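Shown next, in structure tokens, is the structure this report addresses.
The values are calculated or read from the model by the stated rules, or taken from the named source; none is laboratory data. Computed from a predicted structure; not experimentally measured. Virtual Cβ from ideal backbone geometry, glycine too; neighbours counted across all protein chains shown.
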Amino acid sequence: MTDPFSRREFLKKSGAGAGLAGMTGPAVLRSLGASDQIRAGFVGLGIRGNFLLGNVLKSIPGVQVAGICDAYQGYIKRAIDTTTKAGRPAPEVFSDYRKMLDSKNIDAVLIATPEHWHHRMGLDAIAAGKDTYLEKALAHTVEEGEDLVKAAQKSKVIVQVGTQRRSSPIYKKAREIFESGVLGKVTVVRAFWYRNTMTPQWRYPIGLPETPVSPQTCNWEAFLGPAKKRPWDQARMFQWRLYWDYSQGIATDLMTHQLDGVHMVTGATAPESVISQGGIYLWDDGREVPDTWHSVFQYPGFTVDYTCMFGNSRFGYGEEYLGSESTLQVLDLKTLILTPEAIYEKKYPERKAITINTNDLDPTDCVIVHQRNFFECMKTRTQPNCTVAVGEQAATPCHLAIQAYKAKRQVNWNAATRKAALA
């Protein structure tokens, strides 16, 4: 294989030409006639759902916002306003997502609800025969993920899991470099996500000013769904990432993205063991999930050292593949840096450090590319970039890491039998 330390070779396969084959762009959807439009329903219209809806309206031709469903009236009103201001017809409002799944006017659903709902809604969408874009994490437990994999395998529906690194040209290039062997033997991968905010992380604003939050403007029972029944609590509804009932915190909100990136680059699918530490060290504000996190995964032949914190953003986020001959850094979803080891300077004098950013490949937000890939696969009936099986491979290590954290012990994982055991 050609040594990728030439910048020209570095870009050749990942430029605007053949290297982006399979990285779905707008061409297919733009060619669709009005009668061929995909009628999409959106379930969950908070921060993420509103973002996905906006992407469809602004950047994905050929898709109609046909239906919306949320437990908060304010988000329903915002979605209607956003859609009509874009010159589109107002979507149909569904008070219950199951009614949306029953509708013959909906071809696909995009589910961006809190994590604890993914399992039930995903299974129902598959059973209803609706192609489904299901946000990460795939599920709330290992067992729930297994259920979704089995259901998808028995069905002909298209299901895309929302870990968008699978549609990123930066990660595609990283995988190409890893497979070239130019890194030598990679024995350690460092992954990290560092944030810092003036206000507590994930303490999002409670609702929208124009629609005051109350039991009258919120369907609390619809929010709780399969979770433990509790009295009305607006913090839990709008800041759900902070509570174990609805989220696994850093592990399934952030780490799942980065482990999926590691899997994509290295070809690994499951760790053999994990240990986790961390705690609530910065924002002791009633949250249940840690604001500081550290997990170490043992994969066949290498380890992944993962850290996340909410009190310092100096180093941003990314992954670093430490090989015996070179180091590969994938940073902030924007930049890729390949650096040769100094001890090989005489053996490989042609190797120089190289930096590439998304503008050299495709500057399109990879979430948009990921959504486009989903809608194109609906037309071609081919598998999307992140299938349920792939999404499950990213989610399971996160659930194991949570088990290790809560037990304060190492958790071993047998991928063949799908059994976890405390060491």
Six or more apart or on different chains, Cβ under 6 Å: which pairs go from a residue in the stretch 189-207 that's hydroxyl-bearing (S, T, Y) to one that's buried (at least 19 other Cβ atoms within 10 Å of the Cβ) and in a loop (DSSP other than H, G, I, E, B)? Could you list them?
Y204/Q239
Can you tell me which of (1) touching a helix residue (DSSP H, G or I) at 6+ places or on another chain (Cβ under 8 Å); (2) at negative phi is the one G225 doesn't meet?
(2)
Selection status of T417, touching a residue at least 24 places away in the same chain (Cβ under 8 Å) and part of a loop (DSSP other than H, G, I, E, B):
no
When both residues are 6+ apart or on different chains and their Cβ atoms are under 9 Å apart, which pairs have a first residue that lies in the stretch 310-331 and is free of Cβ contacts under 8 Å to residues at least 24 places away in the same chain, and a second that is part of a loop (DSSP other than H, G, I, E, B) and surrounded by fewer than 21 Cβ atoms within 10 Å (Cβ to Cβ)?
L331/F315; L331/G316
Of everything in the stretch 334-363, what is surrounded by fewer than 20 Cβ atoms within 10 Å (Cβ to Cβ) and closer than 30 Å to K58 by Cα? Give them in sequence order.
K334, T335, N357, T358, N359, D360, P363
The stretch 153-197 - residue that is touching a Cys at 6+ places or on another chain (Cβ under 6 Å) and hydroxyl-bearing (S, T, Y) and, of those, farthest from A139 (Cα to Cα)
S168
Consider L45 carefully, then state whether it is in contact with a strand residue (DSSP E or B) (Cβ under 7 Å, 6 or more places away or on another chain), assigned to a helix (DSSP H, G or I) and at negative phi.
no
Would you mind stating whether A395 is assigned to a helix (DSSP H, G or I), touching a Leu at 6+ places or on another chain (Cβ under 9 Å) and not polar (S, T, N, Q)?
yes
Among (1) hydrophobic (A, V, I, L, M, F, W, C); (2) closer than 13 Å to E135 by Cβ; (3) in contact with a Ser or Thr (Cβ under 8 Å, 6 or more places away or on another chain), there is one condition L45 misses while meeting the rest; what is its number?
(3)
Test result for G311, in contact with a Leu (Cβ under 6 Å, 6 or more places away or on another chain) and over 18 Å from A137 (Cα atoms):
yes
Taking the stretch 131-154 as the region of interest, how many residues are surrounded by 19 or more Cβ atoms within 10 Å (Cβ to Cβ) and of a type in the set (S, T, N, Q)?
1
Find the residue count for the stretch 125-138, including only residues that are more than 19 Å from K104 (Cβ to Cβ) and either more than 12 Å from the chain's Cα centre (by Cα) or of a type outside the set (A, V, I, L, M) (or both).
3
Grab the helices (runs of 4 or more DSSP H) fully contained in the stretch 84-193, keeping just those with 1 or more residues being of a type in the set (S, T, Y).
97-102, 169-180
Quick check: is even one residue across the stretch 280-289 in contact with a Ser or Thr (Cβ under 6 Å, 6 or more places away or on another chain), surrounded by fewer than 20 Cβ atoms within 10 Å (Cβ to Cβ), touching a residue at least 12 places away in the same chain (Cβ under 8 Å) and over 29 Å from E135 (Cβ atoms)?
no
Scan the stretch 361-395 residue by residue and report those that are closer than 22 Å to L336 by Cα and among the hydroxyl-bearing types (S, T, Y).
T364
Which of the residues spanning the stretch 171-218 are surrounded by 16 or more Cβ atoms within 10 Å (Cβ to Cβ), among the polar types (S, T, N, Q) and touching a Ser or Thr at 6+ places or on another chain (Cβ under 8 Å)?
T211, T217
Does the stretch 53-83 hold any residues that are small (G, A, S) and either modelled with pLDDT under 95 or not in a loop (DSSP other than H, G, I, E, B) (or both), and which are they?
G54, S59, A66, G67, G74, A79
The one condition in (1) loosely packed, with under 13 Cβ neighbours inside 10 Å; (2) not small (G, A, S); (3) not in a helix (DSSP H, G or I) that N412 fails to fulfil
(1)
Members of the stretch 179-201 found to be among the polar types (S, T, N, Q) and within 17 Å of V330 (Cα to Cα), listed by number:
S180, T187
